[in-house]
Amino acid sequence: MKQLSQIYVNGEFVTPHGTKTLDLLSPVTNEKVAQVTLGDAIDTQNAIVAAMEAFKTFSQTSKEERIGYLEKMHQILKRRRQELIDVMIDEFGCPLYFTTLLIDAATDDFKNVAQLLKDFDLEPKLGHSKVRLQGVGVVGVIIPWNSSNGFIATKVSAAIAAGCTCVIKPSEFSAQQTRLMMECFHEAGLPKGVVNFVNGTGDVVGAEMTRNPGISKITFTGSTHVGKIIAKGATDTLKRVTLELGGKSPNIILGDADFATAIPQAIFAAYINSGQACVAATRLLVPEERLAEVNELAKATIANTVRVGNPKEADTTIGPMVNQKQFDRVQDYIRIGMEEGATLLTGGTGRPAGLEAGNFVKATIFTNVRNSMRIAQEEIFGPVLSIIPYKDEADAIAIANDSPYGLAAYVTAGDKVRAYRVANQLDAGRVCINGEFHDPLVPFGGFKQSGYGREFGIYGLQAYLEPKAIIG
Ligand code: NAD
């Protein structure tokens with residue numbers, strides 16, 4: 001059994017002051033595979049002090065120096081690609097096909113930000129003065145378990161580009177992935193204290209980061225519930241806050257779309273990352289007169305191309321839920337859907353046959369769902385799709401926007417002009433048309449209770465910079 005008994009502070013692997021431990025179980029077998037020692041408030045304070053000290057000099061480094069570190073990280077992650085993939089599958093249970101996409105995107109984050117920085121003017125002239133865009137200070141990075149090293153790559157690459165230093169608190173359930181990322185940063189040879197990692201729980205390490213005056217900005221990815229706690233806590237010291245929170249993304253299939261392509265695509269968009277994705281397209285909006293046809297296509301997709309199974313196998317599309325708690329949460333929602341009167345098209349409660357040992361959930365689709373039902377309003381974070389019929393285009397837009405969330409939305413149409421017209425009316429930080437999914441340089445973030453602030457590209461970099469006007 002692996003022992004994860006070190007954190008990374010001031011350029012060194014150290015034994016934490018905190019002594020509590022947490023057992024980490026395999027999501028495939030529920031066997032104990034590792035134990036992580038949890039840091040405490042003192043460990044967090046030590047990391048913050050190291051980052052504050054490092055900021056004094058790192059904030060003054062040249063663009064070229066930061067680009068050098070970013071390119072080095074890109075090279076290291078490329079070299080350790082297989083290890084990064086393996087540990088994510090083993091620890092989190094992400095299917096191989098999707099893990100590969102996530103790790104490659106994470107690796108490219110460093111290259112993309114380095115390129116962006118080359119062309120980015122950190123001292124633009126305005127009026128008769130100079131504006132110096134300087135790093136905001138020490139950044140607290142608090143993230144969930146569903147793409148741990150991906151979030152670290154996105155956030156820390158932008159922070160380094162801006163000249164900021166970081167204290168990273170990953171989910172305590174990602175400690176094996178975190179260990180590998182610590183080693184990568186260590187190898188990159190960043191100055192001591194620029195990047196620090198503290199394993200620990202949210203109520204201890206996360207809470208200390210939120211209240212500690214040494215941290216100038218928190219970049220948080222996680223649930224809307226915890227995002228609100230952090231936003232409130234950060235007010236006392238007026239920290240800058242970026243919140244990437246939950247979602248309940250609508251996927252509108254317009255009547256002129258090719259349903260034979262669009263419906264299988266929609267099911268994959270709902271089940272990405274085994275449904276444990278903030279951008280999962282979990283509300284499928286279809287014309288009411290085509291509902292029977294959609295139901296048939298959905299059933300055929302589940303039977304022919306969706307496979308719940310061992311995440312290491314190349315044809316697995318849905319792996320296990322990260323832990324028993326997440327499994328129970330998804331089971332509860334499936335029960336709620338049935339109690340609310342939605343029609344269960346496929347799946348349901350319980351584990352699929354032959355997969356009884358792990359946290360596996362059946363690929364589940366409810367149809368004839370009303371948007372007011374809890375399964376359509378609340379984030380489930382598992383492979384549960386709701387098919388919701390609409391009357392006409394205006395009704396589809398109204399249903400799509402009738403949500404507390406606004407992270408992503410999807411539109412499929414034969415006529416692209418029509419797709420854009422609908423996209424323009426959706427309350428979401430990102431609208432993907434006709435099966436497109438990601439563009440690493442465009443902003444990512446939420447409307448409404450999906451959060452505030454943006455990541456990626458220029459918008460993402462600006463979130464780590466504080467403009468200072470130097471006049472005269
Ligand atoms: P979570 O909100 O429970 O935890 C996220 C992180 O916050 C963890 O590191 C946790 O330890 C920490 N935390 C918990 N309580 C805290 C507190 N009081 N103070 C400070 N930190 C605290 O989320 P989770 O269950 O780990 O992940 C699932 C959630 O993440 C889903 O809601 C999902 O939508 C969201 N998510 C959002 C995005 C996005 O980019 N918008 C991406 C992925 C996941």
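The values are calculated or read from the model by the stated rules, or taken from the named source; none is laboratory data. Quick caveat, the model's predicted, so the values are computed rather than measured. Here Cβ is always computed from backbone atoms with ideal geometry, including for glycine, and neighbour counts include all displayed protein chains. Each accessible area value is taken on the protein alone, full model and side chains, heavy atoms only, with ligands, DNA and RNA left out. Shrake-Rupley method; radii C 1.70, N 1.55, O 1.52, S 1.80 Å.
From the list Leu25, Leu38, which one is crowded, with 20+ Cβ neighbours inside 10 Å and under 23 Å from the mean Cα position of the chain (by Cα)? Explain how you work it out, then say what you get.
On the way: Leu25 fails: crowded, with 20+ Cβ neighbours inside 10 Å.
Result of the check over Leu25, Leu38: Leu38.
How about region 104-217: which helices (runs of 4 or more DSSP H) wholly inside it have at least 1 residues that are more than 27 Å from Met88 (Cα to Cα)?
Numbers: elements: 148-162, 175-188, 207-211.
Counting at least 1 such residues, we get 148-162, 207-211.
Out of the residues in region 219-237 that are in contact (Cβ under 8 Å) with a residue 60 or more places away in the chain and more than 6 Å from the ligand (Cβ to nearest atom), state the one that is farthest from Tyr464 (Cα to Cα).
Filtering region 219-237 for residues that are in contact (Cβ under 8 Å) with a residue 60 or more places away in the chain and more than 6 Å from the ligand (Cβ to nearest atom), the one farthest from Tyr464 (Cα to Cα) comes out as Thr224.
Taking region 324-359, which residues are among the aliphatic types (A, V, I, L, M) and open to solvent by 70 Å² or more (accessible area, probe 1.4 Å)?
The answer is Met338, Ala353.
Considering only strands (runs of 3 or more DSSP E) fully contained in region 330-437, which possess at least 1 residues that are in contact with a Cys (Cβ under 8 Å, 6 or more places away or on another chain) and over 29 Å from Thr29 (Cα atoms)?
Passing ranges, in order: 408-412.
For region 128-148, which positions are farther than 16 Å from Pro440 by Cα and either buried (at least 24 other Cβ atoms within 10 Å of the Cβ) or within 11 Å of the ligand (Cβ to nearest atom) (or both)?
Selection gives Gly135, Val138, Val139, Gly140, Val141, Ile142, Ile143, Pro144, Trp145, Asn146, Ser148.
Could you tell me whether Val194 is outside the structural domain of Gly429 (by TED's automatic domain parsing), in contact (Cβ under 8 Å) with a residue 12 or more places away in the chain and near the ligand (Cβ under 10 Å from one of its atoms)?
Here the answer is no, as Val194 does not meet what is asked.
Taking Gly460 and the conditions (1) open to solvent by less than 30 Å² (accessible area, probe 1.4 Å); (2) assigned to a strand (DSSP E or B), which numbered condition does it fall short on, given that it satisfies the others?
Going through (1) open to solvent by less than 30 Å² (accessible area, probe 1.4 Å); (2) assigned to a strand (DSSP E or B) one by one, Gly460 breaks only (2).
Among the residues of region 397-420, what is the count of those that are free of Cβ contacts under 8 Å to residues at least 24 places away in the same chain and farther than 17 Å from Asn371 by Cβ?
Of the residues in region 397-420, 3 are free of Cβ contacts under 8 Å to residues at least 24 places away in the same chain and farther than 17 Å from Asn371 by Cβ.
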